[in-house]
Amino acid sequence: MIVSSVEEGWEIVFQRSHGLLAGQIASRFRDEFRPELWTETLQAILSHDDHKQPFDGRHYVTDLGAPKDFTLVSMASEDRVEETRRRILLSHRNHRWCGLLISRHAEQLYGGHEGITSEMQRLLEEERDRRRLVLRQLSKKKAQLELAYQLLRWCDRCSLILVRKQVPAMQRRIEVTHSLQGERHDLWRREDESLAVEPWPFEPDEFTVQSEYRVATRLQFEDDADLINHLDEAEVCAREWVFRRKN
C-alpha cells in the first residue's frame with residue numbers, strides 16, 4: 001500500500017491501483033517507445049505490483065496499528081523474498097516476457113542493496129541465470145529486454161510521483177528517469193495544474209489519467225483483516241491528472 005497521512009486519517013492507494021495508473025501512462029507512449037512484444041510489456045507494467053502479501057496477518061499494519069506504507073517494509077524482511085518469488089512465478093504464467101520484466105524489476109529493487117538477506121541474494125542469482133535462458137528461448141536479446149524494462153521503470157516512477165503527491169510546487173521540476181532511450185525526462189506542474197513532461201514522449205498532445213484511493217478514518221487497526229474490512233467499506237475517491245504538451 002501507498003500510505004499518506006491526511007487530516008481525516010490515512011489516504012491509501014492500493015499498489016494494484018498504482019500499477020493501473022502506470023499502465024494508463026504507458027498506453028499513451030509513441031510507437032517508437034513500444035517494444036515488439038508490446039501487449040506483454042503493457043501487461044507487465046499494469047501488474048508489476050500485483051500479487052503482494054494477502055491481508056491475513058500483520059503485513060500491512062505497523063507495531064502501533066497504523067497502516068504501513070510499502071517503504072516501511074525492511075529490505076531484510078522474509079515477506080520480500082516470498083513476495084518476489086511469487087510475483088515472478090505468476091508473471092511467467094502470463095507470458096515469459098512478462099516474467100522477464102518482473103524478474104528484471106526485482107533486480108532493480110534489490111540488486112546491490114547491502115540490507116537484503118542471503119536468500120534474496122540467491123533468488124536474484126537464480127533469476128539472472130533464468131533471464132539468460134528465457135531470452136534464448138524467446139530469441140530476444142538482453143538489450144531488447146532492457147529497453148522494455150526502462151519503459152516499465154519510467155511509468156512506475158511517474159505513477160509513484162503522482163500518487164505520493166511528489167510533484168513540486170511553483171513549477172519546479174522533478175526527474176522521472178534519465179535512462180529511457182538515454183534521455184532525462186522532467187515532470188512539472190503548470191499554473192493551470194496541467195502536467196508537462198520534457199521531452200514529450202507521448203502520442204497525444206493532451207490526455208487524462210486517474211487513480212482511485214480510499215481514506216481510512218481510524219488511526220489504528222488490530223491487524224490486516226481489520227484494516228482491509230475498513231477500507232472495503234470506505235468511500236472510494238478518485239484523483240485525475242491532465243498531461244498537456246503545450247500551454
Does any residue of region 195-215 turn out to be of a type outside the set (A, V, I, L, M) and on the phi > 0 side of the Ramachandran plot? no
Just to verify a result, which residue in region 165-217, among those that are of a type in the set (F, W, Y) and under 14 Å from E240 (Cα atoms), is surrounded by the most Cβ atoms within 10 Å (Cβ to Cβ)? Y213
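This table checks each residue for (1) at pLDDT 95 or above; (2) among the hydroxyl-bearing types (S, T, Y).
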position	(1), (2)
L151	yes, no
C155	yes, no
C158	yes, no
I161	yes, no
T177	no, yes
Q181	no, no
Whichever residue in region 10-19 is within 13 Å of the chain's Cα centre (by Cα) and outside any helix (DSSP H, G or I) and, among such residues, is nearest to Y213 (Cα to Cα): V13
Can you pull out every residue in region 109-155 that is of a type in the set (K, R), over 26 Å from E82 (Cβ atoms) and surrounded by 18 or more Cβ atoms within 10 Å (Cβ to Cβ)? K140
Residues satisfying the stated conditions in region 50-72, i.e. of a type in the set (V, I, T) and touching a residue at least 12 places away in the same chain (Cβ under 8 Å): V61
Out of curiosity, is I45 among the β-branched types (V, I, T), surrounded by 20 or more Cβ atoms within 10 Å (Cβ to Cβ) and in contact with a strand residue (DSSP E or B) (Cβ under 6 Å, 6 or more places away or on another chain)? no
Would you mind listing the strands (runs of 3 or more DSSP E) fully within region 144-235 where at least 3 residues are free of Cβ contacts under 8 Å to residues at least 40 places away in the same chain? 174-180, 183-189
Is there a residue in region 20-38 that is touching a residue at least 40 places away in the same chain (Cβ under 8 Å), under 26 Å from Q121 (Cβ atoms) and within 17 Å of the chain's Cα centre (by Cα)? no
Flag for T84 being of a type in the set (V, I, T) and surrounded by fewer than 18 Cβ atoms within 10 Å (Cβ to Cβ): no
Exactly one of these conditions fails for L124: (1) in contact with a Gly (Cβ under 7 Å, 6 or more places away or on another chain); (2) hydrophobic (A, V, I, L, M, F, W, C); (3) modelled with pLDDT under 95. Give me its number. (3)
Out of (1) closer than 18 Å to L145 by Cβ; (2) in contact with an Asp or Glu (Cβ under 8 Å, 6 or more places away or on another chain), the odd one out for V81 is which? (1)
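The values are calculated or read from the model by the stated rules, or taken from the named source; none is laboratory data. This structure is a prediction, so every number in the text was calculated from the model and none was measured. Neighbour counts run over all protein chains shown; Cβ positions are idealised from the backbone, glycine included.
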